[in-house]
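Here is the structure we will look at.
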Amino acid sequence: MENGFVEAALSFPTVLLTPLLILVVGYWLVVIVGGADPEHGHGHGALLGVPIPVFVSLLVALAWFGTLAGAQWHGPAPLWLIPIAALVAAAIVTRLVAIPLRRLLPTGPAASRADFVGLTCVIRTGRVTRTFGQAEVHSPDGSSAIIQVRQTGADELPAGTVALIYDVDPEGEFFWVVPADIAKKGL
């Protein structure tokens, strides 16, 4: 069985696409070990809404399989016609697969800590100082997170107080907050 498979993979017309399939497999091995990002340039480098590496990988794998199967069952058709038919069939199937696949892929920018700036949070620790504090924040998608918060002033921020997140410190991995009712304090 193994010799027959290797022989079929290395015989005409399958051998035309075997090097491309080896490149695709090698690329995905590099992706698995973290050496490449298949979604790099997703918004700019996409075919039918699918990242180019995913689209090309599907196309090559399907075309390779088509030439392998076609070479075994070509009947009276000439062998040179098999890779052309396999590429056309692979392009059609890849297009059909890309339509539902793009719905599974994330769209828009990746989430970041800066997305919390401008939202209100509820203090969950007994107090918030220049060096200590935690709060719970709810993002617009409905999820919540416990975040580290700090304040620069001497405002009382006990547990249960609603505060406004106005900045993020990426090095310290915390957010700066002020009481949400700060606008009313001067009245």
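The values are calculated or read from the model by the stated rules, or taken from the named source; none is laboratory data. Owing to the predicted nature of the structure, the values given are computational and were not obtained by experimental measurement. With ideal geometry, Cβ positions are generated from the backbone for all residues, glycine too; neighbour counts draw on all protein chains shown. Calculation scope for accessible area: heavy atoms of the full protein, side chains included, ligands and nucleic acids excluded. Shrake-Rupley method; radii C 1.70, N 1.55, O 1.52, S 1.80 Å.
Residue 95 falls short on exactly one of the conditions (1) of a type in the set (Lys, Arg); (2) at pLDDT below 80; (3) farther than 30 Å from residue 170 by Cα, and that condition is (2). Scanning the stretch 1-20 for residues being open to solvent by less than 40 Å² (accessible area, probe 1.4 Å) and out of contact with any Ser or Thr (no Cβ under 7 Å at 6 or more places or on another chain) gives a total of 1.
Applying the criterion of being open to solvent by 70 Å² or more (accessible area, probe 1.4 Å) and part of a helix (DSSP H, G or I) to the residues of the stretch 53-74, the residue that is modelled with the highest pLDDT is 65. Candidates 77, 154, 145, 111: the one that is under 30 Å from residue 178 (Cα atoms), at pLDDT below 80 and loosely packed, with under 13 Cβ neighbours inside 10 Å is 111. Considering the stretch 143-174, the residues that are of a type in the set (A, V, I, L, M, F, W, C) and part of a loop (DSSP other than H, G, I, E, B) include one that is farthest from residue 125 (Cα to Cα), namely 154.
Each row is one residue, and each column tells you yes or no for (1) of a type in the set (A, V, I, L, M); (2) touching a Ser or Thr at 6+ places or on another chain (Cβ under 8 Å); (3) closer than 30 Å to residue 54 by Cβ.
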{"position": "99", "(1), (2), (3)": "yes, no, yes"}
{"position": "137", "(1), (2), (3)": "yes, yes, no"}
{"position": "140", "(1), (2), (3)": "no, no, yes"}
{"position": "155", "(1), (2), (3)": "no, no, no"}
{"position": "169", "(1), (2), (3)": "no, no, no"}
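Taking the listed residues 117, 168, 93, 137, the one that is within 31 Å of the chain's Cα centre (by Cα) and closer than 30 Å to residue 57 by Cα is 93, with no other qualifying. Take the conditions (1) open to solvent by 30 Å² or more (accessible area, probe 1.4 Å); (2) modelled with pLDDT of 80 or more; (3) among the small types (Gly, Ala, Ser); residue 43 misses just one of them, which is (2). Within the stretch 163-177, residues that are at positive phi reach partners that are at pLDDT below 95 and not in a strand (DSSP E or B) with beta carbons closer than 8 Å, at six or more positions or on different chains, in the pairs 173/113.
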